[in-house]
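The values are calculated or read from the model by the stated rules, or taken from the named source; none is laboratory data. Being a predicted model, the structure only gives us computed values, none of them experimental. As a convention, Cβ positions derive from the backbone with ideal geometry for all residues, glycine included, and neighbour counts pool all protein chains shown.
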Amino acid sequence: MKLCAVVIPLLMILPVQQDEYTQKRKDMVREQIEKRGIKNEAVLTAMESVPRHEFVPEGQVSRAYRDGPLPIGHGQTISQPYVVGYMTAYLEPKPTDKVLEIGTGSGYQAAVLAEITDEVFTIEIVEALSESAKEILKKQGYTNVHVYHGDGFHGIPEHAPYDKIIVTAAPGEIPQPLIDQLKEGGKMIIPVGETSFSQQLKLVTKKDGQISIEELLPVRFVPFTRD
Ligand code: SAH
């Protein structure tokens, strides 16, 4: 009898909590992503599925679905939902893609990609962040994300080439190893700029061994650091 008295109230509370975040996520996708012109169904569905509130520090949970970046510790941030949607949509991710991400941070962007693609390799220079992202991704059941600790300037050569590459910190120039690790026909999205006031988001495509670069929009990302 005592056991029943404990179990029933718990069952009553859990679905309510889930609904609250599910609704917040739906609103986030509709208002912040879809209404601003992102139509890629796979991206919208992925962002409706990934529990963003699980990827932010405890003190930020109530702000997880807000229209902006949030601090994740170590001077780093989880990107604004719109930026995640925009960058992911430009990569045109496919189920068969192998993806490389530079700048794991919270692990949220990697989870969004992992909802759509076959395999995601992600590398983070701050060890504590790579460890916590690894743990969260495991807890959320993402078996197709492989988290590395190190300087992403060098990419992850042992798993190259990649169909898609996403860089979420801004270097002064596009690192040559990343261009080399991009597959023929592949796409890379990367913010580039010497200072946080002069960054441009760029889309790099490789065709017949040649790269072409399209400038998309001015952005402000955390700097790309080196070991
Ligand atoms: N994609 C992340 C955003 C994190 S912010 C998310 O979804 O939360 C960018 C991250 O890039 C930071 O965590 C920063 O530590 C990391 N970073 C900066 N320079 C790097 C480098 N050379 N190699 C790997 N990671 C780097």
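If the condition is being away from the ligand (no atom under 16 Å from the Cβ), at pLDDT below 95 and of a type in the set (G, A, S), then the range 182-227 contributes S198, G209.
Look at the range 161-183: where a residue is closer than 14 Å to S212 by Cα and a partner is assigned to a strand (DSSP E or B) and among the aromatic types (F, W, Y), sitting 6+ places away or on another chain with Cβ atoms under 8 Å, you get L182/Y162; K183/Y162.
Just one of (1) in contact (Cβ under 8 Å) with a residue 12 or more places away in the chain; (2) not in a strand (DSSP E or B) trips up K138, so point out which. Exception for K138: condition (1). Of the strands (runs of 3 or more DSSP E) that lie entirely inside the range 146-222, those containing 3 or more residues that are touching a helix residue (DSSP H, G or I) at 6+ places or on another chain (Cβ under 9 Å) and over 23 Å from A114 (Cα atoms) span 210-219. Checked against (1) assigned to a helix (DSSP H, G or I); (2) of a type outside the set (V, I, T); (3) touching a strand residue (DSSP E or B) at 6+ places or on another chain (Cβ under 7 Å), A46 passes all but a single condition, namely (3).
Determine if the range 79-100 includes at least one residue that is at pLDDT 95 or above, aliphatic (A, V, I, L, M), within 10 Å of the ligand (Cβ to nearest atom) and in a strand (DSSP E or B). Scanning the range 79-100 turns up no residue that is at pLDDT 95 or above, aliphatic (A, V, I, L, M), within 10 Å of the ligand (Cβ to nearest atom) and in a strand (DSSP E or B).
Selection over the range 126-148 of residues that are touching a Ser or Thr at 6+ places or on another chain (Cβ under 6 Å) and of a type in the set (A, V, I, L, M) gives a count of 2.
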